[in-house]
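None of the figures in this text is laboratory data; all of them are computed from the coordinates on show. This one's a predicted model, so the numbers in the text were calculated from it and none came from an experiment. Neighbour counts are summed over all protein chains in view; Cβ atoms, including those assigned to glycine, are modelled from backbone coordinates with ideal geometry.
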Amino acid sequence: MPQRKTHNANIKAKVAIKAIKEELNNESRLKLAQAVCNKLGSKNSPNEIAVNSGGNPSKIIAMAKGIVESATPRFAGEEIDTSFMYLLGLIFVIAMRVVGRQVNDTGLYMLGAMAMIIGIVIRMYLSKGMQKK
């Protein structure tokens, strides 16, 4: 009976690469950045890459290749934390309602209430969209 051919030689194992920890600081990051820059022939500064990469090896390689600017500490598709803006918006809406109630201005009070309702509806749709299907 013929044996089955296995394709294990063609399959690459997935390896989780962790970022270089802060305790190792810039010395290890700099060595890695210098090695990558030498191997790829990069013109970018290894010092700048080591500082802005955050110890992420894939980011060091991307910065050395020029895919990611070495001056920016973020990838192009990386998320930006917007929770602070949402918090400021919530504080503003609550302040509108409180001020409207204190000065007996029903228009301002109602505008704050409508903004809260719109926020609740948006939150409802966003939370439904983020649930696993």
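Structural remarks
- Derived scalar couplings between HN and Hα for region 51-66 equal 6, 7, 7, x, x, 7, x, 5, 6, 4, 5, 5, 5, 5, 6, x Hz in order, rounded to whole Hz, by the Karplus curve 6.51 cos²θ - 1.76 cosθ + 1.60 (θ = phi - 60°), x for Gly and Pro.
- A simple spin-label model places pseudo-atoms 7 Å from Cα toward Cβ; at Asp81 and Asp105 they are separated by 3.4 nm.
- Inter-label distance for Ile118 and Asn47, nm, one decimal - labels placed 7 Å from Cα along Cα-to-Cβ: 5.0 nm
- Stretch gain in nm, segment Ala95-Gln131, where the contour uses 0.36 nm per residue and the Cα spacing is subtracted: 9.8 nm
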